[in-house]
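Visitor: The structure follows.
The values are calculated or read from the model by the stated rules, or taken from the named source; none is laboratory data. Everything numeric in this text was worked out from a predicted model, so none of it was measured. Don't worry about glycine lacking a Cβ; one is built from the backbone with ideal geometry, like all the others, and counts go over all protein chains shown.
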Amino acid sequence: MKRNGISLIETVIAVSASSLIFLLTIGVLHQTMLLSSKAKSRTDFHQSNIRLAKYFRDDVHQALQMKLADDGSLELTLKDSETVTYRMENGVGSVVIREVKSSGGENREQEVFRMLDTASCKFEIQDSPDRVTLELDSEIPGETGLKRVEMRVSATANRWPNVTAHLGATP
Amino acid sequence: MLKQRRAYGSANIEVLVAASLLIAVIGLLSSMVPRLGNVWKASRNNQLATHELANQLELLTAIPELQRSQALENLRVSPDLTDALHNAVLRHQLLDDASGRRIVLSIDWERTVDAKPISMVAWLPSQKTGGELRQESDTRGTP
């Protein structure tokens, strides 16, 4: 006699197998979404780094004077007593702020560069020739207290007058 | 006339094939996670290496001629980067030909896959040398 329908044990096995596959799929989906979000944040950070490096080099090349403040910020004095300040702020997220002020102290420009939450930024002034190094560090994920270098940019101050002197008279 | 019976539900073999396919896809996706991590690490290291070359060239082009030859002899990768760029080697070429007087700096380090070293060029102020000048050097990153 042919048996019709399915037994309880078959149903239980089928439901268990389906649940297991469903859970695995959800897990993979969750991981994929997490990775996608991390990748996006990394890309943003990477682009922000490149933008910061470009601004930093351009500003230092034009700087006539450089000064490190007690709070770790860097102040560059350009032509016409214009000042450019780089400082790091750790609030909701970490950001590096670039502020341009005119000789009168009026804010002319402000740029914000988003960093990784665990990022820290330090400036170092060296001489012969006068140059500044910007170093961005971040905490290694999963290893509290251990830092790794994310970016290290070094630029020579007052660079353009040297270049124009080598090139000769420029129009 | 014989009436054909239609099968309802799914056979064991169908369930088995579907489950195998799903597991294969999950396995494939899972294996991509460490690969993605490696790609990110490689991209970060490439950026660090590019900045290092730019930093070195920035200094080399800013110092006077005499100091430059000394600096080229003592070329070293910044100590801060030796953790990220294992056994990094900096090589330089000082060229003076029709394209101008220039320094070609390249950096290579231990990587999991074979990849070409990263190079960067900086032009120097022209100097009458009376012919083609070519110097090459190879210096290890670790002191």
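Visitor: If residue B:38 passes every condition in (1) within 8 Å of chain A (Cβ to nearest Cβ); (2) out of contact with any strand residue (DSSP E or B) (no Cβ under 8 Å at 6 or more places or on another chain) but one, which one does it miss?
Guide: Here residue B:38 clears every test but (1).
Visitor: Okay, next question. Hey, among the residues in the stretch B:26-54 that are of a type in the set (A, V, I, L, M, F, W, C) and touching a residue at least 24 places away in the same chain (Cβ under 8 Å), which one's farthest from residue A:127 (Cα to Cα)?
Guide: Filtering the stretch B:26-54 for residues that are of a type in the set (A, V, I, L, M, F, W, C) and touching a residue at least 24 places away in the same chain (Cβ under 8 Å), the one farthest from residue A:127 (Cα to Cα) comes out as B:42.
Visitor: Looking at the stretch A:114-165, which of its residues are in contact with a His (Cβ under 9 Å, 6 or more places away or on another chain) and of a type in the set (Val, Ile, Thr)?
Guide: If the condition is that a residue be in contact with a His (Cβ under 9 Å, 6 or more places away or on another chain) and of a type in the set (Val, Ile, Thr), then A:153, A:156, A:163 are the ones that fit.
Visitor: Of these, A:98, A:51, A:114, which one is more than 30 Å from residue B:61 (Cα to Cα) and away from every other protein chain (no Cβ under 11 Å)?
Guide: A:114
Visitor: Are any residues in the stretch A:30-73 charged (D, E, K, R) and either in contact with a Phe, Trp or Tyr (Cβ under 7 Å, 6 or more places away or on another chain) or not in a helix (DSSP H, G or I) (or both), and if so, which ones?
Guide: A:42, A:51, A:67, A:70, A:71 - these are the residues of the stretch A:30-73 that are charged (D, E, K, R) and either in contact with a Phe, Trp or Tyr (Cβ under 7 Å, 6 or more places away or on another chain) or not in a helix (DSSP H, G or I) (or both).
Visitor: If residue A:61 meets every condition in (1) over 22 Å from residue A:138 (Cα atoms); (2) more than 14 Å from chain B (Cβ to nearest Cβ); (3) surrounded by 14 or more Cβ atoms within 10 Å (Cβ to Cβ) apart from one, which number is that one?
Guide: Every listed condition holds for residue A:61 apart from (2).
Visitor: For the stretch A:146-158: of the residues being modelled with pLDDT under 90 and within 7 Å of another protein chain (Cβ to nearest Cβ), which is nearest to residue A:122 (Cα to Cα)?
Guide: A:149
Visitor: Now, a different point. Restricting attention to the stretch B:65-82, which residues are exposed (fewer than 15 other Cβ atoms within 10 Å of the Cβ), under 15 Å from residue B:107 (Cα atoms) and within 13 Å of chain A (Cβ to nearest Cβ)?
Guide: B:79
Visitor: Can I ask one more? Go through the stretch A:1-14 residue by residue and tally those that are part of a helix (DSSP H, G or I) and within 12 Å of chain B (Cβ to nearest Cβ).
Guide: Result for the stretch A:1-14: 4.
Visitor: For residue B:57, are the conditions met, namely being surrounded by 12 or more Cβ atoms within 10 Å (Cβ to Cβ), more than 8 Å from every other protein chain (Cβ to nearest Cβ), touching a residue at least 24 places away in the same chain (Cβ under 8 Å) and part of a loop (DSSP other than H, G, I, E, B)?
Guide: No: the conditions fail for residue B:57.
Visitor: Within the stretch B:86-127, how many residues turn out to be more than 18 Å from residue B:59 (Cβ to Cβ) and part of a loop (DSSP other than H, G, I, E, B)?
Guide: Here the count works out to 15.
Visitor: Next question. Can you run down the residue pairs with Cβ atoms below 9 Å, 6 or more apart or on separate chains, where the first is in the stretch A:29-48 and within 11 Å of another protein chain (Cβ to nearest Cβ) and the partner is of a type in the set (Val, Ile, Thr)?
Guide: Here the result reads A:31/B:33; A:32/B:33; A:35/B:33, each pair linking the stretch A:29-48 to a residue that is of a type in the set (Val, Ile, Thr).
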